[in-house]
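Read through the structure below, which is laid out as structure tokens, and then see the notes.
Just so you know, all these numbers are worked out from the coordinates, no wet-lab data involved. Keep in mind that this is a model prediction, so the values were computed, not measured. Because the Cβ atoms are built from the backbone with ideal geometry, glycine has one as well, and the counts that use them run over all protein chains shown.
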Amino acid sequence: VLVFIGFMGAGKSTAARALGGVDTDAVLVERLGEPIEAFFDREGEAAFRAREEEVVLEVLASGVPVVALGGGAVLSERVQAALRDHVVVWLEVDGELAWRRAGGRGRPNARDRAGFHKRLAQRAPVYERIADAFVPVPGEIPVAALRALRKGQRLLWARAASGEYPVWLGRPPEREDGDFWISDANVGPLHAPDAFAIPAGEEHKTLATAESVWERMTAEGITRTGRVVAVGGGVVGDLAGFCAATYQRGIPVVHVPTTVVAQVDSAYGGKTGVDLPAAKNYVGAYHLPQAVHVLPETLESLPAAERAAGYAEVLKTALIAGGTLWERVAAGAAYDPETVLACARTKLAVVAADERDGGRRQVLNLGHTVGHALEVALGYGVLRHGEAVGLGMLAALRLSGQDALRQQVGELLAGHGLPVRAPVALDAAQIAQIAQRDKKRVGEEVPFVLVRAPGDVTEGHAVGRDDLLAAVRELTR
Ligand SMILES: NC(=O)c1ccc[n+]([C@@H]2O[C@H](COP(=O)([O-])OP(=O)(O)OC[C@H]3O[C@@H](n4cnc5c(N)ncnc54)[C@H](O)[C@@H]3O)[C@@H](O)[C@H]2O)c1
């Protein structure tokens with residue numbers, strides 16, 4: 001059974017009705033013989049929940065293929081237990097939209113705005129915990145993907161301005177005719193033996209490598225009805241995505257991310273590209289994936305140093321998200337599937353708000369302005385991307401005036417085997433100059449991403465040159 005859960009105003013009943021399903025609230029109204037709010041006001045919430053539980057358990061057991069539950073029904077432990085046998089779809093609605101659709105009337109919990117938002121915040125972690133599929137509203141319900149979902153797998157439905165796509169957790173991609181599988185020399189033998197393998201490493205994320213891929217695709221007769229399937233870390237993903245975006249003016253790409261960096265960050269959002277000798281990611285295209293397949297077990301073969309490097313992106317994402325993700329990461333979580341899922345959700349939400357990097361998406365560059373400059377100054381391959389980002393985050397926290405948080409982040413980085421100092425003495429002036437060439441530059445200023453607190457990260461801050469020099473120098477001491 002497909003079961004829609006979520007807050008008031010998420011559109012659960014409409015979705016269920018459109019699929020020929022049953023809305024448990026409608027059944028309840030029939031049973032009670034009066035509107036829900038009349039019963040609720042007279043008998044109180046506990047009495048209402050008891051009747052609701054009874055109806056929900058009955059409908060779930062009845063064999064109807066699609067069911068919509070009232071917003072609070074999932075708080076019952078018996079309902080949660082019954083849901084374990086079904087595919088649970090959280091229709092995720094933003095608080096403002098929910099209020100516009102359902103607020104100010106109906107049940108007591110929907111009457112005042114503050115109480116409404118508080119309830120939503122309390123319930124979100126419950127929905128998150130029990131959901132198999134996460135579907136943001138508004139938008140079409142991805143029925144085919146939901147029907148394909150099996151228990152034990154999870155599905156995030158990604159929406160952005162230029163398209164939407166499934167992110168599967170625990171579901172490998174299917175092989176199709178016309179696929180071009182690409183990987184690198186390390187990952188291919190382990191996880192995609194038939195794939196075309198490019199040499200491994202950031203130093204190969206170049207136009208020359210892209211050309212070798214285009215040539216191979218041509219030789220294999222790949223056409224626009226085919227697709228690229230990229231199995232690897234961020235280097236393979238970015239480069240394969242770029243080749244897909246440009247080959248015959250664009251064919252689909254499917255990502256199978258195999259590093260922590262790629263599973264929490266780079267596989268989502270459609271940024272693709274290659275490096276130029278003078279600057280990272282300078283040539284590329286936006287090209288949303290057709291699908292992303294996250295297979296947590298692929299991380300088992302990842303070398304410890306790469307895991308550690310990926311931790312920097314986990315930490316960055318947790319700082320951006322705040323809330324339960326930050327709490328979990330601050331308490332030591334790193335690569336477990338729940339954390340990866342929460343990071344992916346954070347990235348998808350940021351991209352949904354701003355696919356083309358006009359504003360909000362820039363928060364994902366927390367630590368990247370100085371991080372990229374360090375990579376360029378030291379030469380690609382000296383610092384891993386994640387190591388550079390970790391150092392960049394420390395600089396950003398210094399520029400944010402966040403001493404205590406900088407300390408805490410430094411300890412978390414060190415605890416995961418990441419450097420909190422550069423491996424060689426840095427030429428601060430040179431690094432500041434490279435940062436100035438950053439492609440996020442607007443006019444003379446490089447806008448910085450700064451942190452006021454976990455969950456309160458904002459883009460577009462001007463930073464004085466002296467402050468920047470000091471923040472970089474501190475990384476050498
Ligand atoms: N597109 C985006 O939005 C975005 C976001 C963040 C980073 N990036 C890019 O991602 C790149 C960094 O990605 P990365 O850290 O994944 O590096 P990577 O792709 O170079 O992978 C790191 C190393 O691990 C190896 N490896 C990968 N998966 C493995 C596995 N499962 N088992 C054994 N070895 C494995 C690789 O061969 C490589 O040697 C950078 O180029 C960065 O610019 C892009």
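Results, tabulated for the structure shown:
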{"read-out": "Protection proxy ranking of 463-472, 372-381, 330-339 - average other beta-carbon atoms within 10 Å, highest first", "value": "372-381, 463-472, 330-339"}
{"read-out": "Paired Rg and Dmax values of the chain, which use every Cα atom, in angstrom", "value": "24.1, 77"}
{"read-out": "Cα-centre dipole for the range 132-200 with unit charges at Cβ (Lys and Arg positive, Asp and Glu negative), debye to 20", "value": "420 debye"}
{"read-out": "Of G237, Y165, A197, farthest towards positive along the dipole that unit charges on Lys, Arg, Asp, Glu beta carbons give the range 111-268", "value": "Y165"}
{"read-out": "Calculated FRET efficiency for the pair A81/K151, C-beta based, R₀ 22 Å, to 0.05", "value": "0.95"}
{"read-out": "Per residue Cα convex hull volume in Å³ - calculated over the range 188-341", "value": "114 Å³"}
{"read-out": "Derived scalar couplings ³J(HN,Hα) [the range 425-436; Karplus, 6.51 cos²θ - 1.76 cosθ + 1.60; whole Hz; x for Gly, Pro]", "value": "4, 9, 8, 4, 5, 5, 5, 4, 5, 5, 4, 4"}
{"read-out": "Mean shadow area of the range 285-378, taken as a quarter of the surface of its Cα convex hull (nm²)", "value": "7.4 nm²"}
{"read-out": "Amide H within-cut-off set for N186, under 5 Å, with H built and near neighbours excluded", "value": "A200"}
{"read-out": "Tensor-based shape of the range 93-132 (alpha-carbon gyration tensor, a/c under 1.5 rounded, otherwise prolate or oblate)", "value": "prolate"}
{"read-out": "Potential lengthening between E43 and L190 on full extension [0.36 nm per residue; Cα-Cα distance subtracted]", "value": "46.8 nm"}
{"read-out": "Debye, to nearest 20: dipole size of the chain, +1 on Lys, Arg Cβ, -1 on Asp, Glu Cβ", "value": "680 debye"}
{"read-out": "Cβ-Cβ FRET estimate between D456 and R224, R0 fixed at 45 Å, reported to 0.05", "value": "0.50"}
{"read-out": "Computed log₁₀ I(q)/I(0) - Debye formula, equal Cα scatterers, no solvent, the range 303-457, q 0.16 Å⁻¹", "value": "-0.87"}
{"read-out": "Helix-derived mean residue ellipticity, 222 nm - over the chain, DSSP H n ≥ 4, -39500 (n - 2.57), to 500", "value": "-13500 deg cm²/dmol"}
{"read-out": "Separation of alpha-carbon centers, the range 67-100 and the range 366-400, rounded to whole Å", "value": "41 Å"}
{"read-out": "Inverse of mean 1/r across different Cα pairs in the range 251-306, Kirkwood, Å", "value": "12.5 Å"}
{"read-out": "Positive-pole candidate from H372, V472, G72, dipole of the chain, charges at beta carbon", "value": "G72"}
{"read-out": "Order of D275, D403 - criterion: other Cβ atoms within 10 Å of each residue's Cβ, fewest first", "value": "D403, D275"}
{"read-out": "Fewest-first sequence of E474, E297 by Cβ atoms within 10 Å of each Cβ", "value": "E297, E474"}
{"read-out": "Förster radius 45 Å - calculated FRET efficiency between A304 and S62, Cβ distance, rounded to 0.05", "value": "0.30"}
{"read-out": "Derived scalar couplings ³J(HN,Hα) [the range 152-169; Karplus, 6.51 cos²θ - 1.76 cosθ + 1.60; whole Hz; x for Gly, Pro]", "value": "x, 9, 9, 10, 9, 8, 9, 10, 9, 4, 9, x, 9, 7, x, 10, 9, 10"}
{"read-out": "Trypsin sites (Lys or Arg not before Pro) restricted to DSSP loop in the range 217-309 with at most 15 other C-beta within 10 Å", "value": "R224"}
{"read-out": "Only Lys, Arg (+1) and Asp, Glu (-1) charged, at Cβ; the range 1-88 dipole about Cα centre in debye", "value": "300 debye"}
{"read-out": "GluC sites (Glu not before Pro) restricted to DSSP loop in the range 87-186 with at most 14 other C-beta within 10 Å", "value": "E140, E174, E176"}
{"read-out": "Cut-off under 5 Å, modelled amide H: who pairs with R111 long-range", "value": "G104"}
{"read-out": "³J(HN,Hα), Karplus 6.51/-1.76/1.60, whole Hz, each residue of the range 109-116, x for Gly, Pro", "value": "5, 9, 7, 10, 4, 5, x, 4"}
{"read-out": "Interchain or long-range residues, amide H under 5 Å from A158's placed H", "value": "Y165, V167"}
{"read-out": "Dimensions (Å) - the range 100-242, Cα atoms, principal axes, largest first", "value": "65, 32, 28"}
{"read-out": "Label point distance in nm, L276-A144, each placed 7 Å from Cα along Cα→Cβ", "value": "4.0 nm"}
{"read-out": "Distance from the range 410-436 to the range 176-252 (C-alpha centre basis), Å", "value": "32 Å"}
{"read-out": "Rh (Kirkwood; distinct C-alpha pairs) - the range 330-388, Å", "value": "13.4 Å"}
